[in-house]
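J.: Take a look at this one; I'll ask things after.
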Amino acid sequence: MALAFTAFILSSCAELLQVVQTIDSDRPLTETEVVSGLKEALKVGTDSAARRLSRINGYYGDEMIRILLPPEAAVITENIHRIPGGEKMLQDLIIRINRSAEDAAKEVTPIFVNAITRMTIRDGFNILKGDKNAATQYLKANTYEQLKNLYQPKIKTSLDKALVAGISTNESWETLTSQWNRLAGSMAGQIAGLNKVEVELESYLTQRALDGLFVKLALEESKIRTDPMARVNDILKRVFGSKEAAN
């Protein structure tokens with residue numbers, strides 16, 4: 001009888017636990033739970049994007065976000081053959097520029113985490129109900145100026161760092177543009193209608209690097225919204241799972 005009673009109690013407890021779990025899974029999520037789950041997903045997504053970009057070839061190896069010379073420098077790329085050794089100098093410069101962005105990307109995560117931590121319940125639901133890139137747009141609106149102000153000095157440090165043969169990216173850029181501008185300013189250059197190139201490389205590189213970062217964040221957000229395997233917690237599985245069922 002004792003064994004039978006024990007078995008009955010254990011069976012009843014198992015059934016009760018199953019009922020509780022079923023009820024809990026059907027229980028509507030609270031606003032706090034939804035936003036907490038979303039914050040966790042965004043922290044994972046931003047960290048993942050930053051880590052990928054900070055690797056060797058994170059920028060340079062990705063045609064989607066590879067950083068090339070500013071549009072104003074098109075006159076250089078089109079006429080680089082006029083400068084002895086110019087083509088190799090141009091290739092080396094582009095590699096160095098992308099290496100600089102990869103180096104600076106290592107410092108991005110804390111800025112995003114700070115913005116995510118400050119997210120309100122209203123912000124969270126606007127993101128969940130918004131466009132497919134609503135989270136990326138939220139992060140861009142709440143971090144871009146901070147990223148620009150804090151990122152650019154790091155870019156400058158990277159640009160000033162000796163990378164190849166003791167030559168920095170800034171030195172390569174200055175050498176390339178100065179040689180080109182001398183040609184453009186010469187009588188022959190004026191007759192040919194060549195224009196000087198005067199671009200502040202740090203500002204341009206910062207903008208392009210951040211643009212690439214937000215492109216990658218948008219891709220991470222897309223995974224969370226469309227790929228069940230990318231949802232990092234049960235709350236997001238329930239939230240986005242229910243949205244898919246509704247669609």
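J.: Test of understanding: ordering 117, 109 by Cβ neighbours within 10 Å, fewest first, what list do you get? Write down the numbers at each step before the final one.
T.: Working: 117 9, 109 17.
Listing 117, 109 from fewest to most nearby Cβ atoms yields 117, 109.
J.: Between residue 43 and residue 81, what FRET efficiency comes out of the Förster formula 1/(1 + (r/R0)^6) with R0 = 51 Å and r the beta carbon distance, rounded to 0.05?
T.: Using R0 = 51 Å, I get an efficiency of 0.55.
J.: Compute the FRET efficiency between residue 113 and residue 74 as 1/(1 + (r/R0)^6), taking r as their Cβ-Cβ distance and R0 = 45 Å, and round to the nearest 0.05. The partial results should precede the final answer.
T.: Numbers: r = 38 Å, r/R0 = 0.85.
About 0.75, to the nearest 0.05.
J.: Right, another one. Please tell me which of these pairs span more than 20 angstrom C-alpha to C-alpha: 39/216; 39/132; 39/154?
T.: Values: 39/216 17 Å; 39/132 16 Å; 39/154 27 Å.
Violating the 20 Å Cα-Cα cut-off are 39/154.
J.: Once you place label points 7 Å from the Cα toward the Cβ at residue 192 and residue 162, how far apart are they in nm?
T.: The answer from the label model is 3.4 nm.
J.: To the nearest 0.05, what FRET efficiency results for residue 89 and residue 211 with a Förster distance of 22 Å applied to their C-beta separation?
T.: Numbers: r = 25 Å, r/R0 = 1.15.
The value I calculate is 0.30.
J.: Compute the distance in nm between two label points, each set 7 Å from the Cα along the Cα-to-Cβ direction, one at residue 131 and one at residue 148.
T.: According to this spin-label approximation, the distance is 1.9 nm.
J.: Now for a different question. With equal scatterers on the alpha carbons only and no solvent term, can you work out the Debye log10 of I(q)/I(0) for the range 31-246 at 0.13, 0.16 1/Å?
T.: With one equal scatterer per Cα and no solvent, log10 I(q)/I(0) is -0.77, -0.99.
Where a number appears in this text, it was derived from the coordinates with a stated rule and is not lab data. Quantities reported herein were computed from a predicted structural model and do not represent experimental measurements. All Cβ positions, glycine included, derive from the backbone under ideal geometry; neighbour counts span all protein chains shown.
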